[in-house]
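Heads up: the structure comes next, in structure tokens.
The values are calculated or read from the model by the stated rules, or taken from the named source; none is laboratory data. Because the structure is predicted, anything quoted here is derived from the model rather than measured. Note: ideal-geometry Cβ built from the backbone for every residue, glycine included; neighbour counts use all protein chains shown. Please note that ligands, DNA and RNA were not included when accessible areas were found on the heavy atoms of the full protein model with its side chains. Shrake-Rupley method; radii C 1.70, N 1.55, O 1.52, S 1.80 Å.
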Amino acid sequence: MAAHDPEDLKNHLPQEDDAPSPVRDSDEASRALARVQQILEEDQERTKDHPIPKTEEDDEALPVSVEAAAELRAVLEPLHPADIAWVLEALPVDERLAVWNQVKSESDGDILVEVNDGVRETLIDAMDRDELVDAVETLDTDEIADLVDDLPPDVMAEVQEGLSHEERAQLRAAISYPEESVGARMDFEMVSIREEVTVDMVLRYLRRFEALPDHMDQIFVVDRLGHLKGSVAIAQLLTSDPATQVRRIMKTDRLTLNPLDDASDAAQAFERYDLVSAAVVDEAGRLVGRLTVNEVVDVIREESEEDAFGAVGLDDEQDLFGSVWEAAKSRWLWLGVNLCTAFFASRVISAFDGTIERVVALAALMPIVAGMAGNSGNQTLTLLVRSLAMGQVTEANKADLIKKEIGVSLVNGLIWGLIAGACAWGLYWDQPEGKTLGLVMCLAMLLNIIQGAVVGLAVPLILRRFGRDPAMGGSVLLTFTTDSGGFLIFLGLATFFFA
């Protein structure tokens, strides 16, 4: 290999006057949000004595001065649409609309796709028909499918008129699949080739594209009827002899998905096999699309948020600064359940008034029993919900998992029951009932921790059996059981031993 002169190499390096490439970092959106809030606050201070009148078009938006509008555009212009969406979600409605008015119109569609459902509704309400049509027309068909339920029918009709015959067919296909299926998430933009062509022909074919599809790590090989035969990695193409036929280097054992497959199952496959993309084929074996890692990341994030919010009875797609009334109504169900369970727990306590009057220390020790069991039960609940989401719990191993978790709760109940009993005896050793209190505390802790584990196992399994989200309201139901059941066990044992 010939040696290169360092001076020659230096001529090929970027010079100091070359324009640097823009670099993004994870804190860019946070800094932009802080700057946007600062601009709006300073503008309101400047115009406090001379308020800016609201226009009829933007009567819900916070009025901003010309100077503030220019500053906002300067902050927003270099941001990625996902970062702008994040900023908009973090602003109250009037400030959000004021910022939305300063966003470049060519970015509107991408931002509408990125924001959550609650925020999207406020942005769409603030746009007129022409603005919506222009925004949606910039999107790919799979992205348009994500907005179908939120757009007015007349807007969708006009958008479809501007699509090609192939794009309209793709849009109809995308919206025909269930929301949580692979078909609803797949990308129609892909590259396919025939197995008899050579590597050189493929490379020349790729050079004809102005830009390749995002996250394209492989090219799919199909026959004349569009049936998937295999795939070729881009890296394999670049390192193969140009005269080699594709059939000699293509892989036929790659993972394929069906449009009706559950998106969460596909996400697990991507995680397991470290995939960037996967072919989506119909029942006849024809290539209809591909699923890419960016969609999979969205699926994982959405499921995580859904589980976290669902555990306490909240909607994961609600607007953080939405209507007070709507937000209040969305929380009524589980607040009502909590109220009923709290009254039930109070009735359990009142049933043992005589015992508590005789041994006042019981009132101070009751919350400890309930709290420890609640924490233990939540550990079991979280573990099971995650395992169910990962598809690791089956009919074949469910019994083994239940035995294992009951065993864990038994061990923890014995250990922490003894510790709690010793602490109770230490606190009340100088009282006649001190030793008995320690024994009651130990037994109650053991039984309630076991009860918490049983409930932590039962709630997700029962919810899944009835086709509901295993995480939905699990914490609320668990708290009810460990509180009411814990009080009943503790005070019942106390009544028996102090009778």
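Once you charge only the Cβ atoms, +1 for Lys and Arg and -1 for Asp and Glu, what is the size of the charge dipole of segment 377-468 about its Cα centre, to the nearest 20 debye?
So the dipole magnitude of segment 377-468 works out to roughly 460 debye.
Only residues of segment 350-390 count here: report those whose backbone N is under 18 Å from the spot 7 Å along Cα→Cβ of Ile415, or say none.
Within reach of a label on Ile415: 372-381, 383.
If amide H atoms are built 1.01 Å from N in the plane of the peptide, which residues on other chains or at least 5 residues away come under 5 Å of the amide H of Gly285?
none
With a 1.4 Å probe and all protein chains kept in place, how much accessible area does Glu45 have, in Å² rounded to the nearest 10?
Probe radius 1.4 Å; accessible area of Glu45 about 110 Å².
Treating the beta-carbon of each Lys and Arg as +1 and of each Asp and Glu as -1, no other charges, what is the dipole magnitude of the chain about its Cα centre, to the nearest 20 debye?
3660
With +1 assigned to the C-beta of every Lys and Arg and -1 to the C-beta of every Asp and Glu, and no other charges, what is the dipole magnitude of segment 324-498 about the Cα centre in debye, to the nearest 20?
About 480 debye.
Can you put Ile84, Ile462 in order of accessible area, largest first, using a 1.4 Å probe?
Sorted by accessible area, descending: Ile462, Ile84.
Kindly sort Met390, Met445 by accessible area of their heavy atoms, largest first, with the probe set to 1.4 Å.
Met390, Met445
Considering only DSSP beta bridges whose two residues both sit in the chain, what percent are antiparallel, to the nearest 5?
80
Positive end of the charge dipole of segment 381-496 (Lys, Arg +1 and Asp, Glu -1 on Cβ, about the Cα centre): tell me which of Ile489, Leu401, Ala424 has its Cα farthest that way.
Of Ile489, Leu401, Ala424, it is Leu401.
With bins 10 Å wide starting at 0, give me the P(r) of segment 324-498 over every alpha carbon pair, in whole percents.
Using 10 Å bins, I get a P(r) of 10, 33, 30, 18, 7, 1 for segment 324-498.
How far apart, in nm, are the 7 Å Cα→Cβ label points at Leu163 and Arg129?
2.0
Which percent, to the nearest 5, of DSSP beta bridges fully inside segment 192-292 are antiparallel?
That works out to approximately 75 percent antiparallel.
Which value in nm describes the separation of the simple spin-label points at Thr138 and Leu427, placed 7 Å from the Cα toward the beta carbon?
Label-label distance for Thr138 and Leu427, simple model: 6.2 nm.
If you add up the charges near Ser376, with Lys and Arg at +1 and Asp and Glu at -1, over every other residue whose beta carbon is less than 15 angstrom from its beta carbon, what do you get?
My count for the surroundings of Ser376 gives -1.
Give the accessible area for His215 in Å² (nearest 10); use a 1.4 Å probe, count only protein heavy atoms, and leave out ligands, DNA and RNA.
80
Which order do you get for Ser164, Ser105 if you rank them by accessible area with a 1.4 Å probe, largest at the top?
Ser105, Ser164
Rounded to the nearest 10 Å², what accessible area does Lys48 have for a 1.4 Å probe in the complete protein model?
130
Rounded, prolate or oblate, given the Cα gyration tensor of segment 192-292, with a/c below 1.5 counting as rounded?
prolate
Report the Cα centroid-to-centroid distance between segment 363-381 and segment 72-144 in angstrom, as an integer.
45
Hey, if you put +1 on the Cβ of every Lys and Arg and -1 on every Asp and Glu Cβ in the chain, which of Ala364, Gln44, Val99 ends up farthest toward the positive end of that dipole?
Positive-most Cα among the choices belongs to Ala364.
Can you list the equivalent-ellipsoid semi-axes of the chain, largest first and in whole Å, using the square root of 5 times each Cα gyration tensor eigenvalue?
Working through the eigenvalues yields semi-axes of 54, 34, 24 Å.
What helices in the chain pass both tests, a Cα length along the helix axis of 18 Å or more and a mean Kyte hydropathy of 0.0 or higher, using whole DSSP H runs?
Correct list, ordered by number: 332-350, 361-389, 398-427, 434-465, 474-498.
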